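Enquirer: So that we are looking at the same thing, I have put the structure below in structure tokens.
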Amino acid sequence: MNNQLVELKQAVKARLDAINDPLTGKGLFTAGRISGLETREGGKVSFTIEAPAEAAAAYVPLRDQAEAEVRAVRGVTSVIAVLTAHEAKLASAGGVGRVKHIIAVASAKGGVGKSTVAVNLACAFASLGLKTGLLDLDVYGPSAPTLLGTGARKPEMGEGKILTPLEAHGLKTMSIGYLVEASSAMIWRGAMATSAVRQMIDEVAWGDLDVLLLDLPPGTGDVQLTLLQRVPLAGAVIVSTPQEMALADVRRGLAMFEKTRAPILGVIENMAYFETPGGERTHIFGEGGARRTAAQAGVPFLGEIPIEVKLREASDAGTPLVVSAPKHPAAKRFVEIAQAALANVAGMAKPAPAIRFS
Ligand code: ADP
């Protein structure tokens, strides 16, 4: 390492140590909260803040502060600060709630059925006996009010401006669509989207949950990355259709999660084929593409969902298929996929840190 980089590292260390660790009152460095500090050519800095599980929530704003302060150090051009913790702890009206696993559902573009998959997957987790929440973060076009049939219901605000999530189909749910009129344009810019997301995670009484699914806005750009860096993720699932174009997008999705260091729980191929009433399958968009891409990228393939009129109808009616027709083959697929995803959460949880936030 050249002298300049050594000096830069020292300056960053000093700046981090000037920030007090909320638990011990010592400097962040002295308190042993910082690991993996790296300074690279061109002033690129990255480090990890190791948050104790029982006070993880307190470290979320601290991460932002640390990142901002390090960015202000002379010679620093970019900063990635990752927050890690074993367990996420989120605000809740009756104290602090515990959310065991936060799982993001992502897609590289709109219209591949990401929200349909997220909602049915959430219902599938609930059907397996897990306390499940669904957070619709699609700031461009929130779909939870329609897909869950929550329509014009509004979440109540309790003490300390904490919102109570709407319960629907056995899920606790929150959506930007519950807070803002659907008719108002929602082409939100990065900072606004981020603060709305923050609010929906930190200021909602989620209580104790086994799984919280995040329905991300479509795409793999800065908006998504910024959202993900604010949340402690157990992992991510990527929804794709089988076309080659879509598959190039999957690769971009994988690259995005690499940056957040969240493990990929797997790829789901939606609209995989159409089955005629006679049982004949037509692979409208080609066959097996998502499975191949997953294999090439070395990430798990979680399963296929066919093009299914009943699934679309149930979505439009606000009664997710997994709840309204649990015996339907497509509903069973969602339950199998949920089980596969859970097995991967368990398999991928490393002893320390199990969940990373950033
Ligand atoms: P995204 O969230 O990716 O934009 P949506 O979940 O809103 O996509 O789905 C787009 C449209 O496709 C919706 O009308 C939805 O009902 C329909 N759809 C999604 N998946 C399927 C499927 N497997 N079979 C039939 N229709 C589907």
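Enquirer: Going toward the positive end of the dipole of the chain, with +1 on Lys and Arg Cβ and -1 on Asp and Glu Cβ, which of 309, 66, 225 do you reach last?
Expert: Value: 66.
Enquirer: Let me ask another. Using a 1.4 Å probe and ignoring any ligands, DNA or RNA, find the accessible area of residue 283 and quote it in Å² to the nearest 10.
Expert: Estimated to the nearest 10 Å², residue 283 gives 60 Å².
Enquirer: Whose amide H sits under 5 Å from the amide H of residue 101, counting only residues 5 or more places off or on another chain, with H placed in the peptide plane?
Expert: Amide H to amide H, under 5 Å and 5 or more residues apart or across chains, residue 101 pairs with 211, 212.
Enquirer: Show the residues, 5+ positions off or on another chain, whose built amide H is closer than 5 Å to the amide H of residue 270.
Expert: The answer is 240, 241, 305.
Enquirer: Something else: Please report, to one decimal in angstroms, the Kirkwood hydrodynamic radius of segment 3-85 built from all distinct Cα-Cα pairs.
Expert: 12.6
Enquirer: From the protein chains alone at 1.4 Å, what is the descending order of accessible area for 293, 276, 24, largest first?
Expert: Greatest to least solvent exposure: 24, 276, 293.
Enquirer: Follow-up. Using every pair of alpha-carbon atoms in the chain, split the distances into 10 Å bins beginning at 0 and state the percent of pairs per bin, rounded to integers.
Expert: 5, 24, 32, 23, 11, 4, 1, 0
Enquirer: How large is the accessible surface per residue of segment 89-346, computed with a 1.4 Å probe and reported in Å² as a whole number?
Expert: 41
Enquirer: Please compute the modelled spin-label separation between residue 64 and residue 109, points set 7 Å along Cα→Cβ, answer in nm with one decimal.
Expert: 3.3
Enquirer: For a quick check, take a GNM of the chain with Cα springs below 10 Å and name the residue from 117, 299, 239 with the largest mean-square fluctuation.
Expert: Top of the fluctuation ranking is 299.
Enquirer: Which of the trypsin sites (Lys or Arg not before Pro) found in segment 286-338 are in a DSSP loop and have at most 15 neighbouring Cβ atoms, other than their own, within 10 Å?
Expert: 327
Enquirer: If you don't mind, another one. Quick one: longest stretch of the chain between exposed loop GluC sites (Glu not before Pro), exposed meaning at most 10 other C-beta atoms within 10 Å and loop per DSSP?
Expert: 42-180
Enquirer: With r as the distance between the Cβ atoms of residue 202 and residue 7 and R0 = 41 Å, compute the FRET efficiency 1/(1 + (r/R0)^6) and round to 0.05.
Expert: FRET efficiency, residue 7 to residue 202: 0.65.
Enquirer: Also: I need the calculated FRET efficiency for the pair residue 77 and residue 20, taking r as the beta carbon distance and R₀ as 25 Å, to the nearest 0.05.
Expert: Using R0 = 25 Å, I get an efficiency of 0.45.
Enquirer: Assuming R0 = 56 Å, can you tell me the calculated FRET efficiency for the pair residue 37 and residue 324, based on Cβ-Cβ distance, to the nearest 0.05?
Expert: 0.60
The values are calculated or read from the model by the stated rules, or taken from the named source; none is laboratory data. The structure displayed is predicted, hence computed values, not measured ones. Glycine gets a Cβ as well: all are built from the backbone with ideal geometry, and neighbour counts include every protein chain shown. Ligands, DNA and RNA are stripped out before the accessible areas are found, and what is left, the full protein with its side chains, is counted by its heavy atoms. Shrake-Rupley method; radii C 1.70, N 1.55, O 1.52, S 1.80 Å.
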